[in-house]
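The values are calculated or read from the model by the stated rules, or taken from the named source; none is laboratory data. What you see is a predicted model, and the numbers here were worked out from it, not measured in a lab. Glycine gets a Cβ as well: all are built from the backbone with ideal geometry, and neighbour counts include every protein chain shown. When the accessible area is computed, the model is the full protein with side chains, heavy atoms only, and any ligands, DNA or RNA have been set aside. Shrake-Rupley method; radii C 1.70, N 1.55, O 1.52, S 1.80 Å.
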Amino acid sequence: MSEWLEATFSTHRPRAIAALTRYFRDVEIAEDAFSEACVKAVADWQANAVPRDPLGWLLHVARNSGLDTVRKAQRRRDILTAQYADMSDVSHDEPADPHEVRDDVLRLLFICCHPALDRQDQIALALRIVAGLSVEEIARGFLVKARTMEQRLTRAKKKVSANPVTFETPSPSERAERLGEVSLMIYLMFNEGWSTSNSDTQIRLRVCEEAIRLARLLVDLFPGMGEQAALLSLFLFQHARRKARQDEHGGLVALDDQDRTLWDRPAMSEGFAMLQKSDRIGHAGPYRIQAAIAAEHARAPAADQTDWQTIEAHYAALFVLQPTPVVRLNHIAALAKTRGAAFALAEMDELTEDLISYRWFHTMRGGLLEETGDAASAGAAYRTALTLGPTEPERAIIMGKIAACKKKRQHLSG
Amino acid sequence: MMYAIAIYGEAGVFESLPKDKQDEVMSGHGDLQDALGKRGDYLSVKLMPPSAAVTVEPMQASGQKPLIVDGPFAETKESFLGFYAADFKDLDEALDYARVISSPVARLEVRPIAWAGGVMSTD
């Protein structure tokens, strides 16, 4: 039974930890109190029945257990801080105000993306506190020892409490800023899971799933925000391709070569549904455009039937919003499909300085040079990419390309 | 009489279940679909999560355009996840079939259908 209940606990975890964090002004007490409540729930719900309001039950029990802990600590240290002194006055079982819940969850996520932390630690902290992954799981995802991850998380929590986030109700502009920061962190969390490395596929997929869950949580809490609907849509489109993206040996399969029958069509349908919702709300931000690009790929029955004209236009629009060299590089990749490899190669010249140490720049150049028949230069470009720290699966692909270029050259000279 | 077996639950819980428990739930649905398919027409619908929903609010006054709200109808603890509809001999039989898909993560409501039109009709 407890396995069934675990699923209920993890569903309620973000809202519960968020409310308890506001209540106790302390993430760690909140986490401990919630764990305690879950342990009690396993015993109580099996003996009696699952309550009609599991979240309300968990919150009530967690508050009491957290208060116990706080009181014991106060007695021990003989400190009575004003902060907790009037807690007994708070009515425990008022139905939660949806606006309050929304701000609580947003605050909790915002605490995790504290500016004092680097991105990886922000993601690790959110996976630990909000998603409830174990330290071991997170360590596996980031390819570090569990002990190292434990230390990183402890340090991160210390940094956060040294400069705490305010518990006042945020102003509309603060709220918008938090939502933007939190969305970016979730976007990077998904990319972390999606990126290729040696860590096992299972845990990487789990990280993607947690990012999807958090994106869905934001949509639930902020139903009128188009960018958050688009973010969820984008994730669903990407994640739908997970089975087609790896061959049986764990090697990566490029989008063009994927077996489209392996794509998860129900997930893509939901991606389209969320994109339509985002369209209805309006406001074409960067997530909305990226989701629209992913939708074009999902729509194409075969790689050679992809509507590259539309995709190229989307990238042009994205570059207006995010005029970065990497977005421009993606735009040029689309231009290669609509205007040809030679045109794209010429366009890439302007990016050389900015992206000289970006390995995708060189692998893309290699591919385009191959297309124009310049196998020698293509091989050189791939070799440059090899020196720029590719992950193991990427290295395998690049080595394959270098071998193919060599063969072509031998074929031409022989 | 036609009955609906409506499925309520907390959105996202099924997705959080370990694989073997998900399979257990799905095999119940497989069994029910097989059993219903053998005895005639039935309808079975699984809804997308509430995050995909948009709500058309009741009209404020006749002739006015209805207000469309982004989001599900209500922030309920348990959401309407999907339903089956089929002809059953009586309530007992409908309940027997409902039991096939019973699981710890779903509440099932068995309710007679007053009228149905379209591909499956009470007329």
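Taking the Cα centre of chain B as origin and charging only Cβ (+1 Lys, Arg; -1 Asp, Glu), how large is the dipole, in debye to the nearest 20?
Taking the Cα centre of chain B as origin, the dipole is about 180 debye.
Largest first and to the nearest Å, give the Cα extent of region A:366-414 along each principal axis.
Computed over region A:366-414, the largest-to-smallest principal extents equal 33, 16, 14 Å.
Given H placed on each backbone N at 1.01 Å, which residues far from B:A116 in sequence or on other chains put an amide H within less than 5 Å of it?
Here B:T122, B:D123 satisfy the definition.
Using the crude model of +1 on Lys and Arg Cβ and -1 on Asp and Glu Cβ, and no other charge, please compute the dipole size for region A:1-47 relative to its Cα centre, in debye to 20.
260
Springs between alpha-carbon pairs under 10 angstrom, Gaussian network model over chain A: which of A:A43, A:A62, A:A230 fluctuates most?
A:A43
Where only protein heavy atoms count, and the probe is 1.4 Å, what is the accessible area per residue for chain A in Å²?
Using a 1.4 Å probe on heavy atoms only, each residue of chain A averages 48 Å².
Of A:A176, A:A156, A:A341, which has the largest mean-square fluctuation in a 10 Å C-alpha GNM of chain A?
Result: A:A176 has the largest fluctuation of those listed.
Quickly work out the B:Q22-to-A:L412 label distance, labels modelled 7 Å from Cα along the C-beta direction, and quote it in nm with one decimal.
With each label placed 7 Å out from Cα toward Cβ, I get 4.8 nm.
Say each of A:A176 and A:D97 gets a label point 7 Å from the Cα, pointing the same way as Cα to Cβ; how far apart are those two points in nm?
2.2
Report relative contact order for chain B in percent, whole number only (criteria: Cα-Cα under 8 Å, sequence separation at least 6).
Over chain B, the number comes to 47 percent.
In debye to the nearest 20, how big a dipole does the protein assembly as shown give about its Cα centre with +1 on each Lys and Arg Cβ and -1 on each Asp and Glu Cβ?
Using Cβ point charges on Lys, Arg, Asp and Glu, the protein assembly as shown gives about 1520 debye.
Taking a quarter of the surface of the Cα convex hull of region B:38-111, what do you get in nm²?
7.6
Charges on Cβ only, +1 for Lys and Arg, -1 for Asp and Glu, centred on the Cα centroid of chain A; of A:V182, A:L231, A:A385, which one is farthest towards the dipole's positive end?
Checking the options against the dipole of chain A, the answer is A:A385.
Choose one of B:G9, A:L321, A:L153: the residue whose Cα lies farthest towards the positive end of the charge dipole of the protein assembly as shown (beta-carbon charges +1 Lys, Arg; -1 Asp, Glu; about the Cα centre).
Farthest towards the positive pole: A:L153.
Scan around B:L81 for amide H atoms under 5 Å from its own, H built in the peptide plane at 1.01 Å from N, and keep only partners 5 or more places away or cross-chain.
HN-HN under 5 Å from B:L81: B:I7, B:Y8, B:G9.
If every alpha-carbon in the protein assembly as shown counts as one equal scatterer, what log10 I(q)/I(0) does Debye give at q = 0.06, 0.08, 0.10 1/Å?
-0.37, -0.64, -0.96
Considering the dipole of chain A built from charges on the beta carbon (Lys and Arg +1, Asp and Glu -1) around the Cα centre, which of A:L133, A:T338, A:I397 is farthest to its positive end?
A:I397
Taking Rh as the Kirkwood radius computed over C-alpha pairs, what is the Stokes-Einstein D of region A:223-306 at 37 °C in a medium of viscosity 0.692 mPa s, expressed in µm² per second?
The diffusion coefficient I find is 252 µm²/s.
Please compute the average number of Cβ atoms from other chains found within 10 Å of each residue's Cβ in peptide A:353-359.
Partner-chain Cβ atoms within 10 Å, mean over residues of A:353-359: 0.
Could you please state how large a percent of the accessible area of region A:278-372 is carbon and sulfur, counting protein chains only and using a 1.4 Å probe?
Within region A:278-372, the accessible surface is 52 percent carbon and sulfur.
Which whole-number percent is the relative contact order of chain A (Cα, under 8 Å, 6+ apart)?
Value for chain A: 10 percent.
Nearest 100 Å² is fine: what is the total accessible surface buried where chains B and A meet, probe 1.4 Å?
Result for this pair: about 2200 Å² buried.
Set the Förster distance to 51 Å, then compute FRET efficiency between A:A404 and B:V54 from the Cβ-Cβ distance, nearest 0.05.
After rounding, the FRET efficiency stands at 0.55.
Measuring from a point 7 Å past the Cα of A:Q309 along Cα-to-C-beta, which residues in region A:323-361 have an amide N at less than 14 Å?
A:338-339, by backbone N distance to the label point.
Counting only other chains, and only Cβ atoms inside 10 Å, what mean value do you get across the residues of A:168-180?
Rounded to a whole number, the mean comes out at 0.
Quick check on my link table: of A:K243/A:K408; A:K157/B:K77; A:K40/A:K158; B:K21/B:K46, which ones sit more than 20 Å apart, alpha carbon to alpha carbon?
A:K243/A:K408; A:K157/B:K77; A:K40/A:K158
What's the extension gain from A:S2 to A:D354 if we count 0.36 nm per residue and subtract their Cα-Cα distance?
121.4 nm is the gain from fully extending A:S2 to A:D354.
With springs only between Cα atoms under 10 Å, which of A:G367, A:G224, A:G389 fluctuates most in a Gaussian network model of chain A?
A:G389
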